[in-house]
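I have placed the structure first, in the form of structure tokens, so that the comments after it can refer back to it.
The values are calculated or read from the model by the stated rules, or taken from the named source; none is laboratory data. What you are looking at is a predicted structure, and each value in this text was computed from that prediction instead of being measured. Heads up, the Cβs are rebuilt from the backbone with ideal geometry, glycines too, and the neighbour counts pull from every protein chain shown. Ligands, DNA and RNA are stripped out before the accessible areas are found, and what is left, the full protein with its side chains, is counted by its heavy atoms. Shrake-Rupley method; radii C 1.70, N 1.55, O 1.52, S 1.80 Å.
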Amino acid sequence: MTEASVSSFPAASGPNLATRRLRALLAEPKVTIGGGFILALIAIALFAPWIAPKNPLDQDLMLASLPPAGLASAEPGYYLGTDDLGRDVLSRLIYGARIALIVAFVAASLAALAGTALGLLAGWYRGWVDGLISRLVDIWMAFPPVLLSILLVAVLGAGVGSVIAAIAIIDWTRFCRVVRAETMAQAQADYVTAAHAIGFPPFHILMREILPNVVPALLALVSLEMGIAVIVEAILSFVGLSVSSDTPTWGGMIAEGRQFIHQTWWVFAAPLAALFATVLAFNQLGDGLRRALDPVLRR
Amino acid sequence: MIALAVLRRLLVALATLVGVAIVVFVLLRVVPGDPVAMMISPGASAADVAALRAHYGLDGSLLSQFAVWVRYALRGDFGTSISLHRDVLALLGERLPATLELATAALEFAVIVGGATAIAGAMARRTWAESVIDAVNGLLLAIPDFVWALALVLAFGVVWPLLPLTGRVNPSVAAGMATPFYFAESLARLRFDVFFDLLKHLALPTLALGLPLAAVIARVLKGALNEAMAQDYVLLARLKGMSELRLVLQEALRNAIGPTLALTGVQFTFLIGGTVIIERIFAYPGIGNMAIEAVINRDLPLIQGLVLVFAVIFILINIAVDLLVALFNPRLRHA
Amino acid sequence: MTAPILSIRRLSAASKLEDAQPILRRVSLDLAPGETLGLVGESGAGKSTIAKALLGVLPRTVRITHGEILFEGRDLMITPRRETRAIFGDAIALVPQDPMTALNPGRRIEAQLTDGLRLRRGMNARAAHKRALELLAEVRIADPERVLRAYPHQLSGGMRQRVLIAAAFALEPKIIVADEPTTALDVTVQKQILRLIRQMQEAHRTAVIFVTHDLGVVAQICDRVTLLFAGAVIESGPTADILSTPRHPYTRALIAAGPRYDRPEAGLKPVPEALVAELRLEVEGVGG
């Protein structure tokens, strides 16, 4: 009996929490596959000028509406064909990844920051602070998100900045709710009460005791949010409210391709496939993160 | 008591609605780009511009504008659309039924398909079939309605051109419909030609809107069913000689619906929100499509009216879900 | 004694999982018609496994490796499904342990009570309703009409257990497996329920296998008792004999371990570890 009780405690030496978590992360296939795809996409976006075969803005009406490689009357060098203005689809696709990823990372981070800050406040102080913030969340969630984003971009003017701001302004509620619930639960914990009794200021407690326990759930949510951000950007550029029409975006390509979908379906299909794959990757990554970092689910 | 709870919810809803109105109002007044300037012909005098501005209530301070708008709104007058030159309320009334038909169809689709999948999955508990269902469902969960809609356009526009890609109904077929509620009216008047034409046009938008919700329902309901099936009362029922299907439907389902509703109820509001872009993609004449047009045209009165309509729908759905959850929990019902 | 209605012969079972621990080791016991047999053991001794085997609901992770279960002369292990359907849940019924979870919270009592009558005896709604009222009266429920219309959460724990007992006797089973039916109840209610089970059993001439870890319960209502440890039978015989002159040291330790309400200052005496260790060795030698 006595041997049993000693061996049930974690070893004093050996890998610490961070390393063990990292190992758990990498053991989860969804994380490696999803994360791997995203990393590859980041690389592609970063090295776009060197990877893209052609200039995405170059128009050549002599080479307009060419099918992708392998089909009849395809032109060598234009692997995914060209659109009605003779622009290379593959190159535009590669450059489109830049916008998608920039929006994804920045918007998701901003939304997470704002939502987490407000969630921590609401969960810790409760009372009228929580009442106000919760009422704000309710009002926000009464808006159809797509409509609100279109409205915001119309108000703020077209451009990547507006798109990022719009997404962050709309989706902070998602983070706020989760962080608020977590904070409320954590605030009951004994070690928090102890820290409070000792006299640590709330900010210190929030940062040192509560936030670290919220981070795993946050990470998964951020990954999910990035997927959502990519979609929202695509919707906005589809409707014509994102960046200027010259800069290639997947949504814009889809909208253009829609016009001539019967003649040049590849202009429509290629960015759609890229969009689908990217969203799926962020989704799987978020799912995998949640599973790997959740102490209850981990087996 | 239930009555008190409902009253409280309604009051909160009203407060939320007021908040929404304020937010929209303020947001729109910050707009760079003067809608009035877009409407007048060049060479108009300053007096004409001022008169137009006054006509649309765009003069005066923010507060006075809001007060005026509220006063009129309470009387049912939501102003005149700047881009369409018609009464906002009338426009809303024309287009809302189409969106309601679409949303209802998508909801029914999601419940039927999602529910059937969940029941099949629960009956295949702990077999390879369940793993397959889980994997496929997991994948489908990741696809938003926007992507579904585009994929369906590709599939049914290019690969198998079976269904119409745009519109709500063939105008020549639907001539003679008295109300904007085409679906109900065509059934009531036994106009099956209109009915089937409506179905053909509804098919793709309904699929696009309904599939994400179906995937969510399938996952949550299956989880709740599995949890119920592990309970002792199911063992007792099994000993009574019931078939697996009967066990799931008669014993487990009623205890699984409550928790499922609580978790998925909010998803239905996402479905309503999704009508905005789905209607746009399929050129479906509902309020979602109109909303995008209104924003692009900076049509302030119309935008305000539309946002309020959406907010009211959202709030009503939330209340309905809460009531249904309470209904399905016998403990709450008797409390 | 007359021919036993149930005869378990050298039943052995093991877990299908990695470590393949034996769960039952050559368990043999007999049950005479109309008799109450106590099946006693600590947690993990194997009594639940025997109960599940008798009801045909062994989990997929457990495998019967040896032995037979003879019900009215037929080995249930090899009887085809078609025929066992009339036995499990019908000729052999269950009174479950936890009345809180054994009733469907979403269905009224009447529905749950009349299920068996309608499914297995083909009764129509009216006949089943009448029979349900009779059964509730038998288990001494004061306002049977109200109870039938009620939902489980509207009844107390004791009432729910009475309903479950009524449901178990509804089909006039030959054997009832009572799986620790009083464990989840208050002590005051326990006595009533035990007495009720005894009365019902005598009235319907049903044999009862009473699974429990509590020798006190056994003393109250069991004619004979079988003690299990780590899946093997330690001792078996008439209750009075076993409790007054226990032969095996484990039995003696179990009896001694019971709280003495007349001498509370005596404290509790758990079964000594040395005895448990010795017993393990002895039992594992018996083999699985």
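Across segment B:64-74, computed HN-Hα scalar couplings (Karplus, 6.51 cos²θ - 1.76 cosθ + 1.60, θ = phi - 60°) run 5, 4, 5, 4, 4, 4, 4, 4, 5, 4, 5 Hz from first to last residue, x flagging Gly and Pro.
Derived from the Cα gyration tensor, the three semi-axes of the equivalent ellipsoid of chain C are 33, 24, 17 Å, largest first.
Taken over the alpha carbons of chain A as equal point scatterers, the Debye sum produces base-10 log I(q)/I(0) values at 0.11, 0.16 Å⁻¹ of -0.77, -1.25. Sorted largest first, the principal axis extents computed over the alpha-carbon atoms of segment A:227-274 equal 29, 22, 15 Å.
Remark: C-alpha extents of segment A:65-182 on the principal axes read 69, 28, 20 Å, sorted largest to smallest. For residue C:143 and residue B:230, what is the calculated FRET efficiency with R₀ set at 41 Å and r taken between the beta-carbons, to the nearest 0.05? Calculated value: 0.80. Loop-only chymotrypsin sites (Phe, Trp or Tyr not before Pro) in segment A:21-68, please: DSSP not H, G, I, E or B, and at most 16 other Cβ atoms within 10 Å. Sparse-neighbourhood loop chymotrypsin sites (Phe, Trp or Tyr not before Pro): A:47.
Rolling a 1.4 Å probe over the protein heavy atoms of segment A:144-299, with every protein chain left in place, gives an accessible area that is 64 percent carbon and sulfur.
Output the 0 to 90 degree angle, nearest 10, between the alpha-carbon long axis of helix C:187-204 and the longest principal axis computed from the alpha carbons of chain C. Tilt relative to chain C: about 70 degrees.
For segment C:34-102, trypsin sites (Lys or Arg not before Pro) meeting the loop criterion (DSSP other than H, G, I, E, B) and having at most 14 other Cβ atoms within 10 Å: C:60, C:85.
Accessible surface comparison of A:258, A:291, probe 1.4 Å, protein chains only, largest first: the order is A:291, A:258. Shielding by partners for peptide B:145-153, expressed as the average number of C-beta atoms from other protein chains within 10 Å of each residue's C-beta, is 5. When nucleic acids and ligands are ignored and a 1.4 Å probe is applied, residue B:182 ends up with an accessible area of around 50 Å². Between C and B, buried accessible area from a 1.4 angstrom probe totals roughly 2000 Å², ignoring ligands, DNA and RNA. Ordering B:222, A:30 by accessible surface, largest first, gives A:30, B:222; the 1.4 Å probe counts only protein heavy atoms, with every chain in place. Rounded to the nearest 10 square angstrom, residue B:72 shows an accessible area of 90 square angstrom against a 1.4 Å probe.
Only protein heavy atoms count here; under a 1.4 Å probe, residue C:244 has an accessible surface of about 80 Å².
Per-residue shielding of B:222-232, expressed as the average number of other chain Cβ atoms within 10 Å of the residue Cβ, stands at 2. Helix B:253-281 versus the longest principal axis of chain B: what is the Cα-based angle in degrees, 0 to 90, to the nearest 10? Between helix and principal axis, roughly 30 degrees. Taking 0.36 nm per residue of separation and subtracting the Cα-Cα distance, full extension of the segment from residue A:262 to residue A:60 would add 70.6 nm.
On a C-alpha basis, how far is the centre of segment B:187-239 from the centre of segment A:20-96 in Å? Whole number, if you could? Their Cα centres are 38 Å away from one another. By definition, a body whose alpha carbon gyration tensor gives a ≥ b ≥ c is prolate when a/c is 1.5 or more and a/b is larger than b/c, and segment C:55-203 fits this prolate description. A crude spin-label estimate for the pair residue C:252 and residue B:4, with each label 7 Å from Cα along the Cβ direction, gives 6.5 nm. For chain A, the membrane-span-like helix rule (DSSP H, alpha carbon extent of at least 18 Å along the helix axis, mean Kyte-Doolittle at least -1.0) picks out A:29-46, A:89-125, A:127-141, A:160-187, A:211-239, A:265-293; this says nothing about an actual membrane. Remark on segment B:130-230: Rg and Dmax equal 17.9, 56 Å (Cα only). Rounded to a whole number, what is D in µm²/s for segment A:143-218 from Stokes-Einstein with the Kirkwood radius over alpha-carbon pairs (4 °C, 1.567 mPa s)? Translational D for this selection: 88 µm²/s. Rg and Dmax over the alpha-carbon atoms of the protein assembly as shown stand at 35.1, 118 Å.
Among B:24, B:158, B:194, the largest mean-square fluctuation in a Gaussian network model of chain B, built with springs joining Cα atoms closer than 10 Å, belongs to B:158.
Accessible surface comparison of B:325, B:136, probe 1.4 Å, protein chains only, largest first: the order is B:136, B:325.
Measuring against 30 Å, Cα to Cα, the residue pairs C:16/C:191; C:47/C:130; B:222/C:130; C:47/C:269; B:240/C:130; B:240/C:47 contain C:16/C:191; C:47/C:130; B:222/C:130 as the ones spanning a longer distance.
Inter-chain Cβ neighbour count for A:214-226, averaged per residue, equals 0 (cutoff 10 Å, partner chain atoms only).
For segment C:93-181, the ratio of Cα radius of gyration to the globular rule of thumb 2.2 N^0.38 Å stands at 0.98.
The angle between the Cα long axis of helix C:109-121 and the longest principal axis of the Cα atoms of chain C comes to about 80 degrees, rounded to the nearest 10. What Kirkwood radius, in Å to one decimal, follows from the Cα pairs of segment C:193-237? Result for segment C:193-237, one decimal place: 11.6 Å. Computed over protein heavy atoms with a 1.4 Å probe, the accessible surface of chain A works out to 47 Å² per residue. A straight line joining the Cα centroids of segment C:117-185 and segment A:119-141 runs 50 Å. Heavy-atom surface analysis with a 1.4 Å probe gives segment C:1-71 a carbon and sulfur content of 47 percent of its accessible area.
Summing both sides, the accessible surface hidden between B and A at a 1.4 Å probe radius is close to 3400 Å².
Residue-wise HN-Hα couplings along segment B:129-134, as the Karplus relation 6.51 cos²θ - 1.76 cosθ + 1.60 with θ = phi - 60° gives them from phi, are 4, 5, 4, 4, 4, 4 Hz; Gly and Pro carry x. Summarise the long-distance tail of P(r) for chain B by giving the % of C-alpha pairs beyond 24 Å. Counting every Cα pair in chain B, those more than 24 Å apart make up 65 percent. Rounded to the nearest 0.05, the FRET efficiency derived from the C-beta distance between residue C:282 and residue C:188 at R0 = 30 Å is 0.15.
Of the solvent-accessible surface of segment C:121-271, computed with a 1.4 Å probe over protein heavy atoms with every protein chain present, carbon and sulfur atoms account for 53 percent.
Within the protein assembly as shown, antiparallel bridges make up roughly 55 percent of the DSSP beta bridges whose residues both belong there.
Remark: segment C:171-186, residue by residue, has Karplus-estimated 3J(HN,Hα) of 9, 6, x, 7, 10, 10, 9, 9, 8, 6, x, 10, 4, 8, 10, 5 Hz, where x stands for each Gly or Pro and the curve is 6.51 cos²θ - 1.76 cosθ + 1.60 at θ = phi - 60°. Each Lys and Arg contributes +1 and each Asp and Glu -1, all at the Cβ; summed about the Cα centre of the protein assembly as shown, the dipole is approximately 2120 debye.
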